[in-house]
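Only one structure is covered here, and it is reproduced in the block below.
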Amino acid sequence: MNKLLIRIRDLVHEYREYDENDVLVRTSRALDGVTLDVTEGSFVAVLGHNGSGKSTFAKHINALLMPTEGTVIFSGRDTAEIENLWELRKEAGMIFQNPDNQIISNVVEEDVAFGPENLGIPSEEIIARVAFALERVGMEAYRLSSPNKLSGGQKQRIGIAGLLAMKPRCILMDEPTAMLDPVGRREVLRTVHELNRDEHITVVMITHYLEEVTDVDRVVVMDQGKIVMDGTPREIFSRIDELSAHHMRVPQVVELAYELRKEGVPIPEGILTVDELVEALCRLR
Amino acid sequence: MIRDITLGQYYDADSIIHRLDPRVKLAFTLIYIASLYVGKSVYCYLFAAAFLCGLIALSRVPVHFMLRGLKSIVVILVISALFNIFVIDGQVLVRFWIFRITLEGLKTAGLMVVRLILLIVGSSVMTLTTTPNDLTDGLERSLGFLKVIHVPIHEISMMMSIALRFIPILVEEVNKIMKAQMARGADFDGGGLIKKAKAMVPMLIPLFVSSFRRAADLALAMEARCYHGGEGRTKMYPLKYKKEDFLAYLVLFVYLGCMIALGRLT
Amino acid sequence: MSIALEHVSYIYDPDQKVKKYAVRDVSLEIKKGEFVSIIGHTGSGKSTLIQFMNGLLKPTEGRVLFEGQDVFEKGFSLKGLRQKVGISFQYPDNQLFESTILKDVMFGPKNLGQSREEAETNARAALKVMAVPEASYDKSPFELSGGQKRRVAIAGILAMNPDYLILDEPTAGLDPEGRDEILELIRTLNWSQGIAVILVSHSMEDVAEYAKRILVMNDGQIIMDDTPREIFKAYRDLETIGLSAPQVTYIAHALAEKGFLPYDTNVMTVEEAKKEILKVLKK
């Protein structure tokens, strides 16, 4: 049994809007009582349509946001306690949606070094960590390039290398593929899956693409600031009506399997891949 | 493509000047400029010019790159030269209508033009042989003493390096915005000054909005990567003086001594 | 009525010895009322190509003809061309700037010299077509969600009453619902108003469902120009240039290989696949 890494209890987050005279004009509840446990080494995908609260949720795990109510405990530390801040952000790195807006330096290796430099790590060790991180994401050939010359997928991999150089236990990703083309999307997903498997790094990925989450350990669906579904991809994808009620669209293979079952074709529930569907259909002949 | 524009004007080459510590090069530039104001005789300038030629030769940067910087100041050069020629009193050489040209005027103008040229080319040596990154690094380290009087020197140099990273992105963004507005019939070149300024609004507002968003995103990303100012921060490649750097300082002081001596002698 | 490109090329930095082509010797014609999609990986030349069509970019070689007339000839009004051929670029944030949505959509018509009343009528009509609720016309465009911004941005082009509408990745970054909404609106525009749509997209599922003709670009050239059905038949060729076919196409081919479906089965949508499979099972 793996260790518990993230423990979230009754998390509420309210955005408050004030007018010029500091009078509260509006509060909106982005998170409304979220409770979730994430075990170390797992790959969790958080799904939801735009405005479902999933991005707000992710920013609580590395204390970029503070709970209005409830608690977030990351590896035994309460995110609301200020003295935990830097230790927490070192262990829970974050990748954002726009690859351009998270690269700080105009040389790739210096950008990867940015995190360790902030942590005050000695120079020789930074050099070693940067080399390791770039090698791990397959970008060592671009060590001295300018990030401006890289593709979106490559930029995101540089961002991931920047986190790796801080030796994180967990990588949070806030719609990391939303601005990428299909090639870049595959690159980034392959990289994080490898890190999850080989380096045992916990991954929490926010996305609205269901086709990206067929091979994760666990899928959490959010809607209106609440967790509405939670299970393995197989379990989640067999509840297709529920998914559409939460404004999600399943991959074509799942939809086709579902449509066929509705017509009375006896194929098993929870089909996720082309091969599975083909096999199931051929067995019927 | 716009993304390929080089900022500053770094010329990539492998030379002793390129390898010098940026702090040395900053000191060189400052002292060289100062030296041009110490000695004012023809000999001083000849010596300074010879010294500069030596540096350029060592730097392996083609001479026309060095002279490029002069293009932008040609107008200033001409205007101030003319001003000197006509205004300064002395032995009159030519006189026509209300103008007169004096020997002293010609002399002063000539020296001033030479001084400005040396000054511009002299600083080009630094900008052409130092990457913008090294330059900000050098500035941060050599001006570190200003922290004592609460000048946020680390923050300033961090801002400079972020600006260096984002300027090409913003240039490209301006291009995209202009195209998007031109597709809506906007006209960016026609009309007088006021019309032109007005036409800029549909370009500037999206640019500002996007810049602010980028700034907010970047701040968040930096915080998420544990950035908390310069305190306790280390560097992957900290600046370290090497043998050549000390030698360069020595050369610099010998040069300055010679300039002062030449200035006294004449 | 058509836009035609005749042997157009675009070369970055023509002074360079080794010429780098963004677009290389492309000829094509798009007629009024068509629904065409351009696909190709990033850097294949799609965005350069669409900018020729309304004269935002002048090809280094070749001619761009609008209704038979060379658009870069002297005396041809590029502004007039941009009214007839609208481009809505990928990021709506690059064009929204006014204090209210209505004013922003009026920007295009006003640039064409229309009076305030005329511009407002056109803007209102365009916003209505793009299903932007009337209650929000006086809101700031910066307060909108991603999907709504995109619709307002497209309305900003539609308000100029173009005959051709070029859309560069109109669904990028949207969630599935926002994506479907926009594509449905565009389809309606195409069949109810006869506006030709040129859709640049990465999503093969969308392209298969909406376009009637697909242009496949690779390395600055158009390598295929056909109906979606024919294009996706060649899904193996698409893969060699970093593209793919819709997922159902793969299912049908895998089933055909196992002898479950007949070999010539060619499906592009879930609906079609279901029909074919049921046909076999009910035999």
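The condition of being at pLDDT 80 or above and either touching a Gly at 6+ places or on another chain (Cβ under 6 Å) or under 30 Å from residue C:21 (Cα atoms) (or both) holds for only one of B:34, B:13, that being B:13. Within the range C:182-209, the only residue that satisfies the criterion of being small (Gly, Ala, Ser), part of a helix (DSSP H, G or I) and crowded, with 19+ Cβ neighbours inside 10 Å is C:208. Right, residue B:253: in contact with a helix residue (DSSP H, G or I) (Cβ under 9 Å, 6 or more places away or on another chain), part of a helix (DSSP H, G or I) and farther than 30 Å from residue A:171 by Cα or not? In short, yes. If residue C:85 satisfies every condition in (1) over 16 Å from the mean Cα position of the chain (by Cα); (2) facing another protein chain (nearest Cβ under 10 Å) but one, which is the exception? Among (1) over 16 Å from the mean Cα position of the chain (by Cα); (2) facing another protein chain (nearest Cβ under 10 Å), residue C:85 violates only (1). Among residues of the range C:104-136 being part of a loop (DSSP other than H, G, I, E, B) and over 28 Å from residue A:208 (Cβ atoms), the one that is farthest from the other protein chains (Cβ to nearest Cβ) is C:115. Does residue A:45 fit the bill of being touching a His at 6+ places or on another chain (Cβ under 9 Å), of a type in the set (Gly, Ala, Ser) and under 27 Å from residue A:209 (Cβ atoms)? Considered against the rule, which asks whether it is touching a His at 6+ places or on another chain (Cβ under 9 Å), of a type in the set (Gly, Ala, Ser) and under 27 Å from residue A:209 (Cβ atoms), residue A:45 comes out as no.
Would you be able to tell me the number of residues in the range C:148-181 that are touching a helix residue (DSSP H, G or I) at 6+ places or on another chain (Cβ under 6 Å), assigned to a helix (DSSP H, G or I) and more than 19 Å from residue A:180 (Cα to Cα)? Within the range C:148-181, residues that are touching a helix residue (DSSP H, G or I) at 6+ places or on another chain (Cβ under 6 Å), assigned to a helix (DSSP H, G or I) and more than 19 Å from residue A:180 (Cα to Cα) number 6.
For the range A:4-50, the set of residues classified as at pLDDT below 90 and basic (Lys, Arg) consists of A:16, A:26, listed by residue number. The set of residues in the range C:27-42 that are over 26 Å from residue C:189 (Cβ atoms) and in a strand (DSSP E or B) contains only C:27.
How many residues, within the range B:191-221, are in contact with a helix residue (DSSP H, G or I) (Cβ under 8 Å, 6 or more places away or on another chain), more than 11 Å from chain A (Cβ to nearest Cβ), within 30 Å of residue A:158 (Cβ to Cβ) and free of Cβ contacts under 8 Å to residues at least 12 places away in the same chain? Qualifying residue count, the range B:191-221: 1. Take residue C:185 and tell me if it is more than 11 Å from every other protein chain (Cβ to nearest Cβ) and in contact (Cβ under 8 Å) with a residue 12 or more places away in the chain. So residue C:185 passes the test.
State whether the residues of the range B:129-143 include one that is buried (at least 17 other Cβ atoms within 10 Å of the Cβ), of a type in the set (A, V, I, L, M) and closer than 22 Å to residue B:45 by Cα. Among the residues of the range B:129-143, not one is buried (at least 17 other Cβ atoms within 10 Å of the Cβ), of a type in the set (A, V, I, L, M) and closer than 22 Å to residue B:45 by Cα, which makes the answer no.
When residues in the range C:210-259 are screened for being within 14 Å of chain A (Cβ to nearest Cβ) and assigned to a helix (DSSP H, G or I), 16 of them pass. Restricting the range C:91-103 to residues that are in a helix (DSSP H, G or I) and under 23 Å from residue C:172 (Cβ atoms), the residue that is farthest from the other protein chains (Cβ to nearest Cβ) is C:101.
Within the range A:22-69, the set of residues being assigned to a helix (DSSP H, G or I) and more than 14 Å from residue A:225 (Cα to Cα) comprises just one member, A:61.
Looking at the range B:144-173, which of its residues are surrounded by 14 or more Cβ atoms within 10 Å (Cβ to Cβ), more than 12 Å from every other protein chain (Cβ to nearest Cβ) and out of contact with any helix residue (DSSP H, G or I) (no Cβ under 7 Å at 6 or more places or on another chain)? Selection gives B:156 alone. Can you confirm whether residue B:107 is without any contact (Cβ under 8 Å) to a residue 24 or more places away in the chain, charged (D, E, K, R) and in a helix (DSSP H, G or I)? When the stated conditions are applied, residue B:107 passes them.
Name the helices (runs of 4 or more DSSP H) wholly inside the range A:163-276 in which the number of residues that are of a type in the set (A, V, I, L, M, F, W, C) and away from chain C (no Cβ under 14 Å) is 3 or more. Result: A:182-198. For the range A:76-131, a residue qualifies if it is facing another protein chain (nearest Cβ under 9 Å), without any contact (Cβ under 8 Å) to a residue 60 or more places away in the chain and either part of a loop (DSSP other than H, G, I, E, B) or aromatic (Phe, Trp, Tyr) (or both), and the qualifying residues are A:86, A:103, A:104, A:105, A:106, A:107, A:114, A:120, A:121, A:122.
The values are calculated or read from the model by the stated rules, or taken from the named source; none is laboratory data. All of these numbers come straight from a predicted model, not from anything done at the bench. All Cβ positions, even for glycine, are placed from backbone atoms using ideal geometry, and neighbour counts span all protein chains on display.
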